[in-house]
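Report on the following structure.
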Amino acid sequence: MSKAFRAVSSIGVAALVFSGVSMAASPTGTFDAWSVTTGTIAPTSTGGTGANCPAGFTCATAVTGEGFYQRQITDDVTGNDFFQTIITDKTANVAPGALTFSDESYVRTGNVTGLANKTQMEEVTVVGTLTETFEASTELGTGWANNGTNDVAQIYQAIIADDTAAGAEDFDAKFWLRQLGAEGAAGKLMRISSQVDIQEATTSPVAGAGSQGFVLVELSGTENSAGGTADLVAEGSVTWAAGDRIKAIWVGQDMAAIEGVQQEFGFTAYEDFTGATTGAVNAFSLLAGSSAAPIDWDVPTWGSSSAAAAGPF
């Protein structure tokens, strides 16, 4: 098992929510405008003053090393100075976004509060039929680097163990967070999901999911851009308006009989915490072995978030 996989797994999936993917931009307007060849980093911007300098900026001569690049960038209009720093593996030879590790940051000089930063990590270990993957991406825009109104933070982390051997057990845990403003005051998306294939030969709660699955989605403010209704038929429904803080939880299990007892159940819950129509509804069901999915995975439209709109899994 890889070092990254061991370290993160030992902390547990719940700890992912306490770890620090585009939005509030760097001074150049974007991240990842660079390439790396055998550890030598080179910006790819054009139009400014200086080598590979972005339009509207003047760039000083860079300080470089294996897997390291730093230069001063000056805004031609405001005169504000920034230090751009890029760090990656010293032998890296692929594009940003496909590297084992990369970190790009912009810091404004003059003791001004704020940071524009993007960090990406990926470690993939293959042992026989087992592929272990650890992925993480963090993007921050605070202080001078916010989106013009509020600070922004986006985080994605995933731990995946995929074994293609017959009867093998797989594991998948993911965490997304995107929030605008202090603690998501202007808008927030949070999604936590996990899947475990304990018995690969059995029918899954949802096609492509594990024999046990869990998903929690919460939206508020600008991340909940449209109203909607979640209807659980006999149990009732919840209707919300755009901007309300809403939450959905899906839990399901579909496993073969153990000592003659079928191990199938499903739970769905929806809740609206704010607005004029606050309320909650939930449903729990147990099914026989020959039945279809453990529960009706009713999935409403979740506004602007593609991650949340994807359904239970």
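Taking segment 79-100 as the region of interest, how many residues are crowded, with 16+ Cβ neighbours inside 10 Å, under 15 Å from residue 137 (Cβ atoms) and not aliphatic (A, V, I, L, M)?
Total satisfying the criteria: 2.
Taking the residues in segment 36-54 that are among the small types (Gly, Ala, Ser) and surrounded by fewer than 16 Cβ atoms within 10 Å (Cβ to Cβ) as candidates, determine which candidate is nearest to residue 92 (Cα to Cα).
Among residues in segment 36-54 that are among the small types (Gly, Ala, Ser) and surrounded by fewer than 16 Cβ atoms within 10 Å (Cβ to Cβ), the one nearest to residue 92 (Cα to Cα) is 42.
Could you tell me whether segment 194-210 includes any residue that is buried (at least 21 other Cβ atoms within 10 Å of the Cβ), closer than 22 Å to residue 225 by Cβ and at pLDDT 75 or above?
Within segment 194-210 (the criterion being buried (at least 21 other Cβ atoms within 10 Å of the Cβ), closer than 22 Å to residue 225 by Cβ and at pLDDT 75 or above), the answer is no, since none of the residues qualifies.
Mind listing just one residue for me: the one in segment 95-133 that is out of contact with any strand residue (DSSP E or B) (no Cβ under 7 Å at 6 or more places or on another chain) and assigned to a strand (DSSP E or B) and, of those, nearest to residue 153 (Cα to Cα)?
Ranking the candidates gives 126 first.
Take residue 57 and tell me if it is of a type in the set (A, V, I, L, M, F, W, C), closer than 30 Å to residue 182 by Cα and in contact with an Asp or Glu (Cβ under 7 Å, 6 or more places away or on another chain).
no
For residue 280, only one of the following conditions fails: (1) at pLDDT below 80; (2) part of a strand (DSSP E or B). What is its number?
Among (1) at pLDDT below 80; (2) part of a strand (DSSP E or B), residue 280 violates only (1).
Under the condition of being modelled with pLDDT of 85 or more and among the small types (Gly, Ala, Ser), which residue from segment 212-258 is nearest to residue 276 (Cα to Cα)?
The extreme case among them is 241.
State whether one or more residues within segment 144-152 are hydrophobic (A, V, I, L, M, F, W, C) and assigned to a loop (DSSP other than H, G, I, E, B).
Yes, segment 144-152 contains a residue that is hydrophobic (A, V, I, L, M, F, W, C) and assigned to a loop (DSSP other than H, G, I, E, B).
Residue by residue through segment 72-92, note down the ones that are part of a loop (DSSP other than H, G, I, E, B) and either closer than 15 Å to residue 45 by Cβ or of a type outside the set (Lys, Arg) (or both).
Those that are part of a loop (DSSP other than H, G, I, E, B) and either closer than 15 Å to residue 45 by Cβ or of a type outside the set (Lys, Arg) (or both): 76, 77, 78, 79, 80, 89, 91, 92.
Out of the residues in segment 144-161 that are surrounded by 15 or more Cβ atoms within 10 Å (Cβ to Cβ) and of a type outside the set (A, V, I, L, M), state the one that is nearest to residue 111 (Cα to Cα).
Going through the qualifying residues, I end up with 144.
The values are calculated or read from the model by the stated rules, or taken from the named source; none is laboratory data. Model, not experiment: these values are computed from the prediction. Reconstructed Cβ throughout: ideal geometry from the backbone, glycine too, with neighbour counts over all protein chains shown.
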